[in-house]
Amino acid sequence: MPSREVTVSVQPVTVQRMAMEQTLPGRTVAFMTSDVRPQVGGIIQKRLFTEGEQVKAGQVLYQIDPASYQAAYDNARGTLAQAEAAVLSARPKAERYESLVKADAVSRQDGDDALAALRQAEAAVVAARAGLQSARINLDYTRITAPINGRISTSTYTPGALVTAGQTTALTTIQQLDPIYVDVSHTSAQLLALRRQLASGALQSVDGKAQVSVTLEDGSTYAHTGTLEFVGTAVDTGTGNVTLRAVLPNPDGLLLPGMYVRAVLPMAINDKAILVPQSAVTRNTKGEATVKLVGEGDKVVEQVVTLGDAVRNQWVVTAGLNAGQRLIVANGSKASAGQTVKVQAANAAAADPATATPGTK
């Protein structure tokens with residue numbers, strides 16, 4: 001009795017445009033970080049901020065006791081006033097002696113001495129003004145201000161503590177978190193292989209700044225996308241990795257420095273990508289990936305293929321298939337190689353790879 005004919009569903013193998021993406025582990029890094037240190041010594045009188053709040057550049061954070069610096073400033077003002085008064089006295093005398101020298105009423109030496117006294121008084125004014133400016137700067141430094149906008153951390157000093165200029169311990173730290181950096185590592189071998197494919201024309205480069213999306217530690221997708229801003233110029237000799245840096249908006253402050261994330265980066269464009277349903281791929285006794293095709297005379301042909309990344313419910317096939325071939329996507333398990341089958345078109349539409357994220361094999 002003749003065997004019953006098997007009906008299989010097929011779809012044509014097609015090439016399509018696909019963004020090649022890689023998911024890489026990374027850490028968040030503050031966009032800007034500033035350690036706040038005193039530039040003059042003294043006793044802290046007040047702390048003028050709340051720990052953990054947002055501060056603005058120029059906002060006063062600490063007040064150091066200004067008494068000694070105010071006294072130095074007042075003294076410098078007095079020194080300047082004395083120097084300016086000396087000039088007021090020396091200038092008319094020098095002018096009179098200049099006239100008397102021309103009339104031979106006094107010696108030239110006396111005229112030179114009067115002029116030298118004027119020049120000395122004018123130099124003293126310049127020095128006194130510089131001293132006043134220095135005293136003003138030191139007095140202003142008693143008001144320690146925020147150098148950047150950002151979120152301020154805990155204070156390591158309290159009112160009453162003695163601080164010194166140039167100390168190694170920071171009073172506090174300010175971090176700008178919006179936007180925020182995401183630093184990821186990419187192996188130099190993968191980067192080299194990618195560049196070779198780009199150079200050969202097998203792949204096309206991504207135009208402009210590549211868009212980067214982020215998956216958080218709990219598996220959720222971060223609401224904002226960023227851009228790839230920097231690709232490292234050197235390979236880390238310890239790890240063999242190249243650092244890539246992306247910038248992401250962080251308006252809600254959800255991302256904090258040091259968080260572990262996974263960044264999805266489009267690395268190139270493949271204009272000739274072939275994708276097949278994962279259900280159409282099986283393994284032979286050698287462990288090789290295989291698919292079944294309908295060849296001439298509607299006979300089944302088993303074909304070994306090379307798989308790339310997974311895109312949702314599909315595999316990227318890098319070798320073994322050509323456009324136009326008829327791929328069995330349903331009922332293939334009931335048909336063996338060389339068997340004649342009845343063919344019908346598959347109804348299931350292929351998933352759109354343009355918005356998919358490649359995974360691992």
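For segment 129-144, a tally of residues being in contact with a Leu (Cβ under 9 Å, 6 or more places away or on another chain) and either of a type in the set (D, E, K, R) or assigned to a helix (DSSP H, G or I) (or both) returns 4.
Out of ASN331, ASN284, ASN322, ASN313, one residue alone is within 27 Å of HIS186 (Cα to Cα) and either within 48 Å of the chain's Cα centre (by Cα) or surrounded by fewer than 18 Cβ atoms within 10 Å (Cβ to Cβ) (or both). It is ASN313.
Determine if segment 40-58 includes at least one residue that is among the hydroxyl-bearing types (Ser, Thr, Tyr), assigned to a strand (DSSP E or B), at pLDDT 90 or above and within 30 Å of the chain's Cα centre (by Cα). No, that holds for no residue. Can you pull out the residues in segment 114-135 that are charged (D, E, K, R) and within 56 Å of the chain's Cα centre (by Cα)? Within segment 114-135, GLU122, ARG129 meet the criteria.
For every residue, the table says whether it meets (1) of a type in the set (Gly, Ala, Ser); (2) modelled with pLDDT under 85; (3) not in a strand (DSSP E or B).
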site: GLY297; (1), (2), (3): yes, no, yes
site: GLN303; (1), (2), (3): no, no, no
site: GLY324; (1), (2), (3): yes, no, yes
site: VAL329; (1), (2), (3): no, no, no
site: ALA348; (1), (2), (3): yes, yes, yes
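Could you tell me whether segment 202-213 includes any residue that is modelled with pLDDT of 80 or more, small (Gly, Ala, Ser) and within 30 Å of ILE64 (Cβ to Cβ)? No - not one qualifying residue is present in segment 202-213. The single condition among (1) at pLDDT 85 or above; (2) closer than 17 Å to THR7 by Cβ that GLY320 does not satisfy is (2).
Which of the following residues is touching a helix residue (DSSP H, G or I) at 6+ places or on another chain (Cβ under 8 Å) and within 30 Å of ALA337 (Cβ to Cβ): ALA289, ALA280? Every option except ALA280 fails the conditions. Comparison of GLN314, GLN278 shows that the only residue that is closer than 18 Å to SER333 by Cβ and modelled with pLDDT under 90 is GLN278. Taken over segment 268-287, the residue count meeting the criterion of being over 17 Å from THR14 (Cα atoms) and in contact with a Ser or Thr (Cβ under 9 Å, 6 or more places away or on another chain) is 4.
Which number in (1) surrounded by fewer than 13 Cβ atoms within 10 Å (Cβ to Cβ); (2) outside any loop (DSSP other than H, G, I, E, B); (3) touching a residue at least 40 places away in the same chain (Cβ under 8 Å) marks the one condition that VAL126 misses? Of everything listed in (1) surrounded by fewer than 13 Cβ atoms within 10 Å (Cβ to Cβ); (2) outside any loop (DSSP other than H, G, I, E, B); (3) touching a residue at least 40 places away in the same chain (Cβ under 8 Å), VAL126 misses just condition (3).
Counting just the residues of segment 154-186 that are part of a strand (DSSP E or B) and of a type in the set (A, V, I, L, M, F, W, C), which one comes out modelled with the lowest pLDDT? Step by step, filter segment 154-186, then rank; the result is VAL184.
The values are calculated or read from the model by the stated rules, or taken from the named source; none is laboratory data. What you see is a predicted model, and the numbers here were worked out from it, not measured in a lab. We place every Cβ from the backbone using ideal geometry, glycine too, and count neighbours over all the protein chains shown.
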